[in-house]
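A.B. asks: Structure incoming, see below.
The values are calculated or read from the model by the stated rules, or taken from the named source; none is laboratory data. Because the structure is predicted, anything quoted here is derived from the model rather than measured. Counting neighbours? That spans all protein chains shown, and the Cβs are built from the backbone with ideal geometry, glycine included.
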Amino acid sequence: MSIIVTVPEAEATGPVAELYADDVHDQGHVAAHTKVLALNPEALLAWDGLSRAITARMDRRRYELVTLAAARGARSAHCLLAHGRVASRWIPEEQLLRIARDYRDAGLTPAEVAMMAFAERVSRDAADMTEADSTRLREAGFTDREIVDIALAAAARNFYSRAVQALAVEVEPPGDMSDALRAALVEGL
């Protein structure tokens, strides 16, 4: 649990109140990570803007798959659980379970597997990546813009994941997620 003292919901005003309201609208409550990071609302709003800029031309399913892979590579239970919930809007739970266990054997297209492997590698060892990593995406059919967007989405996920982890923010499993999916998403972390 984070030692950071957050703004109570009843006392939130301005941009902090707006950030809180967005969470309540989306998930019925204000997430612990939002409360902590909202202490710098300008940075959190800038993060939201960056995320929107990265995903403006990305298919939502593709973005969520990249995010799940990057979160797995970063060992982020926070982001795996949050984005497992979001991904369920575009991916059936049975396939999400398979993706959580091993995306390489989850009935994904070869292009989806390639982008997830790339995103996971961004989180695990970006410093050792070479043009061969991007070439694999190109060979899977991605345009240069799509390759850049995949890299940016994975790197941005690392920014958020690592900030939340560094501040020891409480992991909050979504209440509307099955126990099986919750367990599969965080297994092996």
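A.B. asks: Any residue in region 131-151 that is of a type in the set (Gly, Ala, Ser), assigned to a helix (DSSP H, G or I) and in contact with a Leu (Cβ under 6 Å, 6 or more places away or on another chain)?
C.D. replies: no
A.B. asks: Among ALA69, ALA43, which is the only one that is assigned to a helix (DSSP H, G or I), in contact (Cβ under 8 Å) with a residue 60 or more places away in the chain and in contact with a helix residue (DSSP H, G or I) (Cβ under 9 Å, 6 or more places away or on another chain)?
C.D. replies: Answer to the check: ALA69.
A.B. asks: Another question, if that's okay. Within region 162-188, work out how many residues are in a helix (DSSP H, G or I), farther than 21 Å from GLY28 by Cα and either in contact (Cβ under 8 Å) with a residue 40 or more places away in the chain or not aliphatic (A, V, I, L, M) (or both). Working first, answer last.
C.D. replies: Here is the first cut: in region 162-188, the ones in a helix (DSSP H, G or I) are 162-166, 179-186.
From what is left, the residues that are farther than 21 Å from GLY28 by Cα are 162-163, 165-166, 180, 183-186.
From the residues that got through so far, the ones that are either in contact (Cβ under 8 Å) with a residue 40 or more places away in the chain or not aliphatic (A, V, I, L, M) (or both) too are 162-163, 165, 180, 184-186.
Here the count works out to 7.
A.B. asks: Follow-up. Of everything in region 18-30, what is at negative phi, at pLDDT below 95 and not in a helix (DSSP H, G or I)? Give them in sequence order.
C.D. replies: HIS29
A.B. asks: Counting only residues that are among the hydrophobic types (A, V, I, L, M, F, W, C) and exposed (fewer than 14 other Cβ atoms within 10 Å of the Cβ), which one in region 97-144 is farthest from ALA154 (Cα to Cα)?
C.D. replies: In this case the residue turns out to be ALA132.
A.B. asks: Follow-up. Against the definition (more than 27 Å from PHE159 (Cβ to Cβ) and either within 17 Å of the chain's Cα centre (by Cα) or loosely packed, with under 15 Cβ neighbours inside 10 Å (or both)), how does GLU94 come out, yes or no?
C.D. replies: Yes.
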